[in-house]
Amino acid sequence: MPKSLNAIAQKLMTPGQGILAADESEGTIGKRFDKINLPNTLELRRDYREMLFGATQAMQKYISGVILTEETLKQEAASGTPFRAILADADVIPGIKVDRGAFPMPGEAGEKITEGLDGLRQRLASYAELGAGFAKWRAVITINDIAPTRNNIRANAHSLARYAMLCQEAGIVPIVEPEVVGDGEPGNHSMERCAQVTGDVLENVFKELRLAGVDLAGMLLKPNMVLPGLNSRERPSVDEVARRTVAVLKEHVPAAVPGIAFLSGGQTDEEATAHLSAMNQISGKPWPLTFSYGRALQNVALRAWAGRRENFSIAREAFAHRAHMNSLAALGEWSNGVDRAA
Ligand code: 13P
């Protein structure tokens, strides 16, 4: 693994590669398993991650880093090989989700604040020893009639900055993830409102990062795309989403940031791919754009696996296909036709 923070960030942004977010907490992976009628056991969580990380060719070609949970960072495949070693063999950097989740913020606005700063310095030191090259902290920004409040934006931005500073001190690249969620309640906001809130949030996040003395060249940003809420009737075109998202980012994200890796946030698999590809066709951006998808990379593979080791190979094929499509999108070379034909 490269040594300097900037070198790790650059490697994560290798052209044609992106990040697999496989850091679902025990509760979140439980919800995913529930949908396919599987119990949430340690063994099934292990098998599921083993299926993904063992997709060797796809991992080598299309994936630069994987975000893990603490359980998975310390876990072994059924053969006894640590997942860390499997990833290292594929030249994939292991990362770690270090926040402890988003909890209700006091007040009337139904907002959330992310917890996990207490003891983080010690935890980061132990993750660095286990080989983690980067970390992730997700802040959740809610949109409704009264949210987001100024207080919530500031509190989340401040926590992101404290987290990022601690990561850099430990030699770990922080992925700074302020997610303006599209699937919240009521989730019917307009694209315009998402653009305005996303810009406001990014402005505050970078203000706090600068105040904290975070080295912008040694971090990555993981934002949402500019989209209407998932329950809105607005249906912008792919090009419109791409144009609005790039415009907001250009206005608020300093050029010193070495890369931007998007979350998928409840988009369909193909939407997430199409939007990324369209953004990469827009010229004049100061940073490379790639994916750091959870659901949009895993949905099909999860269903193909269905909890059975004998399905590993078809599930890996499904994962490889999505990873390949998103790799093309990271190069601005994806098309509908390629997706269906491949
Ligand atoms: P989704 O791509 O499923 O939104 O997950 C990405 C992620 O890491 C959210 O924190």
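Of the chymotrypsin sites (Phe, Trp or Tyr not before Pro) found in the range 79-172, no site is in coil according to DSSP while having at most 16 other Cβ atoms within 10 Å of its Cβ.
For the range 92-146, GluC sites (Glu not before Pro) meeting the loop criterion (DSSP other than H, G, I, E, B) and having at most 14 other Cβ atoms within 10 Å: 108, 115. Compared with the direct C-alpha span, the chain from residue 217 to residue 154 gains 20.4 nm at full extension, assuming 0.36 nm per residue. When the P(r) is computed for the chain, the part past 31 Å accounts for 27% of the Cα-Cα pairs.
Relative to its residue count, the range 189-342 spans a Cα convex hull of 128 Å³ per residue. Annotation: per residue accessible area for the chain equals 41 Å², rounded to a whole number [probe 1.4 Å, protein chains only]. For residue 262, the residues 5 or more places off, or on other chains, whose built amide H falls under 5 Å of its own are 290, 291, 292.
Which order do 11, 222 take when ranked by solvent-accessible area (1.4 Å probe, heavy atoms of all protein chains), largest first? Can you show the working numbers first?
Details: 11 50, 222 5 Å².
Reading off the accessible areas and sorting them downward yields 11, 222.
Pairs exceeding 23 Å between alpha-carbon atoms, taken from 112/250; 74/112; 11/285; 3/285; 222/250: 112/250; 74/112; 3/285. The Cα atoms of the range 6-50 define a convex hull whose projected area, averaged across directions, is 4.4 nm².
Taking all protein chains as they are arranged and a probe of 1.4 Å, the heavy atoms of residue 207 leave approximately 120 Å² accessible to solvent. For the range 131-214, compute Rh as the Kirkwood radius over C-alpha pairs and then the Stokes-Einstein diffusion coefficient at 37 °C and 0.692 mPa s; write the answer in µm²/s, rounded to an integer. Translational diffusion coefficient: 245 µm²/s. Note on the range 282-296 and the range 1-70: Cα centroid distance 18 Å, given to the nearest whole angstrom.
The values are calculated or read from the model by the stated rules, or taken from the named source; none is laboratory data. These figures come from a predicted structure and were not determined experimentally. Neighbour counts are summed over all protein chains in view; Cβ atoms, including those assigned to glycine, are modelled from backbone coordinates with ideal geometry. The protein model used for the area step is the full one, side chains on, heavy atoms only, and it has no ligands, DNA or RNA in it. Shrake-Rupley method; radii C 1.70, N 1.55, O 1.52, S 1.80 Å.
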